[in-house]
Protein chains: 2
Amino acid sequence: MRAAVRRATVLVRPKPGILDPQGEAVCSALGHLGFEVQDARIGKVIDLEVEAADEKAAKAEVERMCEQLLANPLIESYEVEILG
Amino acid sequence: MRAAVRRATVLVRPKPGILDPQGEAVCSALGHLGFEVQDARIGKVIDLEVEAADEKAAKAEVERMCEQLLANPLIESYEVEILG
């Protein structure tokens, strides 16, 4: 099959137990605005257009990107979704 | 119905046409690593625990948070999902 451009969405989040100062600041700011918020955690959403032969190849490729650049596997978890 | 803690996930992304230097840097870095990437756009994922009577109320509340604090509606779009 020829390579085609496929869209992928990656969610990168701080792992449970890892300190998230940005999330704490947002949680506190929302409280000051009068919202009832118990917890807030902040990560990244990365939308990619990648060339790959099929969905399976695209997913494997994007997972390699996560390991090498997009996430820090020590402190962040990631989720890859291929949108076709 | 009594208020309960509900989990929400918010995706905040730069709107189309808005410059995204972080995404451009990631796209270029992925290219240098040998990946075939056409485009990369970077936003935020925010996981919240909010108190609300039901899913509809939770969604409305989180949308107000987006308008007031979590997103800049001029340059960012947001998507709210209530996980129950």
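Every read-out reported here was derived from the displayed coordinates using simple, explicitly stated rules and does not represent laboratory data. If you're wondering where the values come from, they're calculated on a predicted model, not measured in any experiment. Backbone-built Cβ (ideal geometry, glycine too); neighbour counts: all protein chains shown.
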Review point. If the viscosity is 0.692 mPa s and the temperature 37 °C, what translational diffusion coefficient in µm²/s does Stokes-Einstein give for the protein assembly as shown when Rh comes from Kirkwood over Cα pairs?
Key: 193 µm²/s
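Taking only the Cα atoms of the range A:4-82, how large is their convex hull per residue, in Å³?
97 Å³
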Point to revise | Shortest-first distances to equivalent copies, position B:Gly84, nm, label 7 Å out along Cβ | key: 2.5
Review point. At 222 nm, what helix-only mean residue ellipticity would chain A give, in deg cm²/dmol to the nearest 500, using -39500 (n - 2.57) for each DSSP H run of four or more?
Key: -8500 deg cm²/dmol
Revision key, fill the gap. Most fluctuating of B:Asp47, B:Asp39, B:Asp20 in the GNM of chain B (C-alpha, under 10 Å) is B:Asp39
